[in-house]
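Written out below as structure tokens is the structure these notes cover.
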């Protein structure tokens, strides 16, 4: 049951990646108000693990925060794509990766206070790397890291992208099992 009443709704701004919807509302306490929502498609985040037991991270420049950020491959789901197809496409585009196995590990709202984006999180194993196909706005370095190092960075706050941290930590038990198999003689 929605405690808000929507009187009107309109798109006030849009670009190829998202739009801003402005709703005229009545709040639960009966007051009139305006609520702006960023509308976008679903998105995917992928934790890629190579056959050698390394997580393929990207070190990505983000214009919005004017900073270099540690991330995992990610991107939007295009119209007509399944989330699995989008995950495989983004993995290939951003790190040149193809995966033997792709396992969905979770689904969450990424910023539910102002945006309707649903994030789908995957663990990709047996990832082999090849040529990338970055978009013109993507400035990133591909950096494979040992599993333990990537998890340490996530827990230490060295990875500032919250969705990457979430994807890594949701995958942690499986990643630890993979890491142990590489440590055994």
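Where a number appears in this text, it was derived from the coordinates with a stated rule and is not lab data. It should be emphasised that the depicted structure is a prediction, and the values quoted were computed from it without experimental measurement. For neighbour counting, all protein chains shown are included, and Cβ atoms are generated from backbone atoms with ideal geometry for every residue, glycine included.
Compare the peptides 3-14, 133-144 by average per-residue count of other Cβ atoms within 10 angstrom and give them in order, highest first. Write down the numbers at each step before the final one.
Details: 3-14: 10.4, 133-144: 12.6.
Order by mean packing, descending: 133-144, 3-14.
Which shape class, rounded, prolate or oblate, goes with segment 43-183 when its Cα gyration tensor gives a ≥ b ≥ c as root eigenvalues, a/c under 1.5 marks rounded, and past that a/b bigger than b/c marks prolate? Mind showing how you got there, number by number?
Values: a/c = 1.30, a/b = 1.22, b/c = 1.06.
Rounded shape, in that the Cα axes give a/c under 1.5.
For residue 11 and residue 108, what does the FRET efficiency come to when R0 = 25 Å and r is the distance between their Cβ atoms, rounded to the nearest 0.05?
Working: r = 25 Å, r/R0 = 1.00.
Calculated transfer efficiency: 0.50.
Shape verdict for segment 1-107, please, from the Cα gyration tensor: rounded (a/c under 1.5), prolate (a/b greater than b/c) or oblate. Don't jump to the answer; show the numbers that get you there.
On the way: a/c = 2.74, a/b = 2.27, b/c = 1.21.
It comes out prolate by the Cα gyration axes.
Could you sort the peptides 101-108, 23-30 by per-residue average Cβ neighbour count (10 Å cutoff), highest mean leading?
On the way: 101-108: 14.2, 23-30: 12.1.
Top of the packing list down: 101-108, 23-30.
What's the FRET efficiency of residue 152 with residue 78 using the Cβ-Cβ distance as r and R₀ = 30 Å, to the nearest 0.05?
Working: r = 34 Å, r/R0 = 1.14.
My answer for the efficiency is 0.30.
In degrees, nearest 10, range 0 to 90: what is the angle between the Cα axis of helix 83-95 and the longest Cα principal axis of the chain?
That helix lies at roughly 60 degrees to the long axis.
What shape does segment 111-185 take by its C-alpha gyration tensor, where a ≥ b ≥ c are the square roots of the eigenvalues and a/c under 1.5 counts as rounded, a/b above b/c as prolate, and the rest as oblate? Please list the in-between numbers first.
Values: a/c = 1.90, a/b = 1.30, b/c = 1.46.
Oblate.
Can you work out the FRET efficiency for the pair residue 41 and residue 128, with r the C-beta to C-beta distance and R0 = 41 Å, to the nearest 0.05? Intermediate results must be reported in sequence, preceding the final value.
On the way: r = 28 Å, r/R0 = 0.68.
Once rounded, the FRET efficiency stands at 0.90.
Angle check, please: helix 172-183 long axis (alpha carbons) against the longest principal axis of the chain (alpha carbons), in degrees 0 to 90, nearest 10.
Long axis of 172-183 versus the principal axis of the chain: about 10 degrees.
Compare the peptides 87-98, 109-120, 31-42 by average per-residue count of other Cβ atoms within 10 angstrom and give them in order, highest first.
Details: 87-98: 21.2, 109-120: 14.7, 31-42: 13.1.
Sorting 87-98, 109-120, 31-42 by mean packing, highest first, produces 87-98, 109-120, 31-42.
For Cα pairs less than 8 Å apart in space and 6+ apart in sequence, what is the mean separation divided by the residue count of segment 44-180, i.e. the relative contact order in percent? Write down the numbers at each step before the final one.
Values: 264 pairs, mean separation 44.2, N = 137.
With pairs under 8 Å counted, the relative contact order is 32 percent.
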